[in-house]
Structure formats: C-alpha cells, structure tokens
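Just below is one structure, and these are the notes that go with it.
The values are calculated or read from the model by the stated rules, or taken from the named source; none is laboratory data. Keep in mind that what you see is a predicted model, and the values were worked out from it rather than measured. Reconstructed Cβ throughout: ideal geometry from the backbone, glycine too, with neighbour counts over all protein chains shown. The accessibility values were calculated without ligands, DNA or RNA, using every heavy atom of the protein model including side chains. Shrake-Rupley method; radii C 1.70, N 1.55, O 1.52, S 1.80 Å.
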Amino acid sequence: MALVSQPLDILGDRQSGQDVRTQNITACLSVSNIVKTSLGPVGLDKMLVDDIGDVTITNDGATILKMLDVEHPAAKVLVELAELQDREVGDGTTSVVIIAAELLKRANDLVKNKIHPTSVISGYRLAMREACKYVEDKLAIKVDKLGKDSLVNCAKTSMSSKLLSSDSDFFANLVVDAVQAVKMINARGEIKYPIKGINILKAHGKSAKESYLLKGYALNTGRAAQGMPMKVSPARIACLDFNLQKTKMQLGVQVLVTDPRELEKIRQREADMTKERIEKILKAGANVVLTTKGIDDMALKYFVEAGAIAVRRVRKEDLRHVAKATGATAVSTFADMEGEETFDSSFLGYADEVVEERISDDDVILIKGTKTTSAVSLILRGANDFMLDEMDRALHDALCIVKRTLESNSVVAGGGAVEAALSVYLDYLATTLGSREQLAIAEFAESLLIIPKVLAVNAAKDATDLVAKLRSYHHTAQTKADKKHLSSMGLDLVNGTVRNNLEAGVIEPAMSKVKILQFATEAAITILRIDDMIKLAKDESQDGQD
C-alpha cells in the first residue's frame, strides 16, 4: 500500500486544477491589456523597440503581438489567434484578442463557482452558434451591387483607428480604386479580388496626401545597365530564377588539366555557356528579362546589344506576381527531358509596355497592361520610415476589408452596435434555457459588451452611461416590431453619444464580425480546457555530453 500513496515522480514541476486556470487566464489578460488601449478610432499607438534597437510605432493588434516575445504557452495561443484573424480577414485583430481574454475571465469566475468547465464550454459553443446565426439573419444588411460609397465607408471604418484617420477620405478612395482594379473571374466563374496583385511601394518625401495609384506592377529596382532602352512595348517577359553569370564549376569538382592550352578552352566554354543561354532567351522573342539572381557585365552586353531590358535581383514574390499577372512561367532551369538546354517561347509573359520611371530618388520598373490579370501599385509617400510602415499596415487592413465586403456582399453597423445587439439577444436567450448552459450564455453576453466599453474608455467618455443607453436602444429594437431600425445604433466616440451608425457610414463586413466571434470562442475554449500543466525540467546529464 505504501507504494500506491507516493506521488508520481516527474522531472519538472506540475500544476493542476484551479491554479493552472488562474495562471493561464492571468497571462491572457495581460496580453489583452497591452492591445486594449489601441482599439477604436481614438485608440493610442504602441512603440515597440526590439533587441537591436529598431523602433516600430503601430496600432495594429497583430503587429504588436507578433513583436512581443511571449513566453507563456497560453498567451501564445492569443498571439496565434491574432495572426489567424489577420490572415483570414485582415482586420479586427485587436477586438478578437480582447473578446477572447474577456470570455476566459468570465469563464474562470464560473468555474470558481463550482460550474464544470465542460458545461461552460458547451454553453459558449451554443452562444457562438446562435450569435453567428443572429448576425447573418438579423443584423447583416445585403448590399447588392455595392455602391462605391459603402465600400469607401468600410475602408474608412477600418482606417479610423490608424494613423491615416485624418486623411481617411483620400485613402479610402485610393483603396477602393485599387481593389476594383484587380477584379478577376476565376475558372469557376466566381468574382475574386486578389489583393496580392496590389503592390505597395514606399517612397520617402512629400506628404501622405501625395500618394497615388499606378496602373501596372511596379518593381523597386532599376535596369541592370544604362545602355538599355527606357521603354519596351509590346513587352515579352521572361521570368528566370537562376544566375546569368559566367558559369562556374560546382564546388568540389576537380578538373585535372595536363595541357595549359586546354585551360583557356575551359574558360572560353564557361563564358560561351552563358552566352548561349542568353541567345536562347532572346531567340524566343523575350525583350524583358527579370531574374532573381545576378547578371554579370559580360552577359549585360548581349542584352544591351539586343535592345532588351534586363532586371537583376528581383524579389522572389515580385517575380511570382509578375509571372501570374503576365501569364509567364517562372523558369528555374533550362534543362529539358533530353538533357539539352532549351527555352520555349510559351514560357514568356505578355504586357503592353515596360518602362523605367523615377519615383522620388529611386528607379522603378513599371509593367503596364499585363495580359492575364490587371495589376496595380500604390505608391505611398511620407515623411519617414515609421510613418510609411504604419501607412502600409493600415492600407493592408483596409484592402482586406474592402475585398471581404465585395466578396461576401453583406455589411453590419460598426462602433459596438453588433456586440450590444448580440449581448441583449443572448441575455434573453439565456433566460429561455433551463439547462446548465444558461449561466455560461449569460456570461458570454456580458463579455461581448467589453468592446463598446473599451471603445468608450479609450475615447475618454463615460463607459457605463453610454453602454447602458446602447443596450436600452437595442432592447427596444428587439422587442418592438416598429423599432427594428434601432438595431444599428452604435457609439459616436467623437461626441460621446449614441447614433445610428449605418446612416453615419460606420460599417464593417459581416464576415469580419462572425469570424471574430468564432475565433475568439475557439481560443477561449482551447485555454479553458487545460487543467493540468507539466513543465519538464532540462535534463542536466545531456547538457554535459553536448
């Protein structure tokens, strides 16, 4: 019997039960407190200094959390959650973290009051499903054939919390034009807006208002040699992914030469191999050659003589985008099945013209009138690097939001309207249930109010007062049939009042809200499930052997 009662001997420390839950939830709350103040149109920015002293000033939840080196495993879940939201929707990264942390805090209180975590989890799941259904059925407004106004408003809402909020009219129009320029219909007949086709170039100087949209894909490199033409039209583009330098022997290859004259022939052959490759490219009809690697002077001579533009050291992703837009194939080797080297003209992409222009102090290659998909570039101007980087992040969010709005075709009112409506609805729903989940759903409803609360606090307004007013409006909207229009009442954070945000033009894609609810609930459930944590100690004996 004595053996049975001994505790399990683990090399490391083990915590279980309530201790772990409290610890995990404290860690998640501290992460959410970092981003809390950056939510909303009056949110503040964060200044992050990394280990080598680089400064980033940002308001974007995903960027802030990515740069924090989070040690705690449960808090890491929240960081990954923000990245997921950034990938899936593009905006709403701060909200998703705040809601997840609030759900956890409330769940922890319930568990302390002797409600089993499983009951809380099933309640949260049910609440999430109901909430998503309610958003899609009752709150979402179909915007068939979206007018430009509503798209501009979506972009403005996304930018309102960022650095660009003062010039949001100007940038919102820029963003909408850019997204509509890359519209394409895929093989299944669906209309898609590939945001990757929008290249954002940052150039110093002038003011932010002097940013503009360029038709054509811009590469941030100049021609490889001065003797090349500035402009080629129509352009036939070869995209290569290898060196056009004098061919060197691979490392480790030894050539034993007995006759010194043979040595000269080997050198000559090395030079000729590159020459033959270039001739093959030019014979196929290419007059613009982009490569991710280098081109040496000897090879440049042939391009200059042929009157072609060659660009070296193009970024890999730029090359992929150009290949996609022009219908070219990125070629990484000339070898074919027979062991010979060939270059077929079917690998070439087509564009109306390729020109080199100067933008501020840099030479930029513009590829205009691409064959398969249209590509556009946003040229951003600004005073310094911090500002340009933050503009880039803000525009990325706005581009994603406009794309989502166009593809999903339904919008909801912003400014805490959806959260308040859901809170009232779920509160009522909780009272109709006679099961254990009732308490969990009521807490879920309370948690959603964190968004309007934080918005009001960040705007230095009275949160309690505003949230109470907001809830009363939504309660009226849901109980009285003739007051349905009140369901889009949200906060006006400039004047500290409640207004109809749909009419005021504060709108977001419904999909963004649904995803926020789903992701936040899933993350909260993942962390809530944990009731035991075993941290293994490092094995000292192995360290000595290394």
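Residues to consider are Val143, Val89; find the one that is touching a strand residue (DSSP E or B) at 6+ places or on another chain (Cβ under 9 Å), farther than 30 Å from Met387 by Cα and of a type in the set (A, V, I, L, M).
Values: Val89 fails: farther than 30 Å from Met387 by Cα.
Going through Val143, Val89 in turn, the sole match is Val143.
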Practice problem: Consider Leu244 carefully, then state whether it is in contact (Cβ under 8 Å) with a residue 40 or more places away in the chain and either on the phi < 0 side of the Ramachandran plot or surrounded by 14 or more Cβ atoms within 10 Å (Cβ to Cβ) (or both). | Solution: yes
Quiz item: For the subset of the stretch 112-127 comprising residues that are open to solvent by 20 Å² or more (accessible area, probe 1.4 Å) and among the aliphatic types (A, V, I, L, M), which member is nearest to Ile191 (Cα to Cα)?
Solution: Leu126
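From Lys196, Lys209, grab the single residue that is at pLDDT below 85, open to solvent by 20 Å² or more (accessible area, probe 1.4 Å) and in contact with a His (Cβ under 7 Å, 6 or more places away or on another chain).
Lys196
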Quiz prompt | Arg277 being touching a residue at least 24 places away in the same chain (Cβ under 8 Å), buried (at least 17 other Cβ atoms within 10 Å of the Cβ), more than 21 Å from Phe334 (Cβ to Cβ) and of a type in the set (D, E, K, R) | solution = no
Practice problem: Determine whether Asn220 is modelled with pLDDT of 75 or more, over 21 Å from His396 (Cβ atoms) and not small (Gly, Ala, Ser). | Solution: no
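Is it the case that Ala62 is open to solvent by less than 20 Å² (accessible area, probe 1.4 Å), small (Gly, Ala, Ser) and under 19 Å from Val457 (Cβ atoms)?
When the stated conditions are applied, Ala62 does not pass them.
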Practice problem: State whether the residues of the stretch 508-524 include one that is at pLDDT 85 or above and in contact with a Phe, Trp or Tyr (Cβ under 6 Å, 6 or more places away or on another chain). | Solution: yes
Practice problem: Name every residue in the stretch 232-258 that is in contact with a Gly (Cβ under 6 Å, 6 or more places away or on another chain) and not in a loop (DSSP other than H, G, I, E, B), in order of residue number. | Solution: Arg236, Ile237
Quiz item: Does Leu68 count as under 25 Å from Arg529 (Cβ atoms), open to solvent by 10 Å² or more (accessible area, probe 1.4 Å), aliphatic (A, V, I, L, M) and at pLDDT below 85?
Solution: yes
Self-check item: Cross-chain or 6+ apart pairs with Cβ under 9 Å, the stretch 319-345 first and at positive phi, then open to solvent by 50 Å² or more (accessible area, probe 1.4 Å) and at pLDDT 80 or above
Solution: Gly327/Tyr350
Quiz item: What do you reckon, is Leu104 more than 26 Å from Phe386 (Cα to Cα) and either surrounded by fewer than 23 Cβ atoms within 10 Å (Cβ to Cβ) or among the polar types (S, T, N, Q) (or both)?
Solution: no
Quiz item: Which of the residues belonging to the stretch 174-189 are open to solvent by 20 Å² or more (accessible area, probe 1.4 Å), touching a Lys or Arg at 6+ places or on another chain (Cβ under 8 Å) and assigned to a helix (DSSP H, G or I)?
Solution: Ala181
Quiz item: Are any residues in the stretch 279-305 of a type in the set (Asp, Glu) and farther than 18 Å from Thr342 by Cα, and if so, which ones?
Solution: Asp296, Asp297, Glu305
Self-check item: From Leu399, Leu439, Leu378, residue being out of contact with any strand residue (DSSP E or B) (no Cβ under 8 Å at 6 or more places or on another chain), modelled with pLDDT of 80 or more and either open to solvent by 40 Å² or more (accessible area, probe 1.4 Å) or among the aliphatic types (A, V, I, L, M) (or both)
Solution: Leu439
Exercise. Please determine, by comparing only the residues of the stretch 213-231 that are open to solvent by less than 80 Å² (accessible area, probe 1.4 Å) and assigned to a strand (DSSP E or B), which one is farthest from Ala306 (Cα to Cα).
Key: Leu213
Self-check item: Residue among Ala523, Ala537 that alone is small (Gly, Ala, Ser) and over 30 Å from Ser119 (Cβ atoms)
Solution: Ala537
Practice problem: Taking the residues in the stretch 346-369 that are without any contact (Cβ under 8 Å) to a residue 60 or more places away in the chain and assigned to a strand (DSSP E or B) as candidates, determine which candidate is most open to solvent (accessible area, probe 1.4 Å). | Solution: Arg358
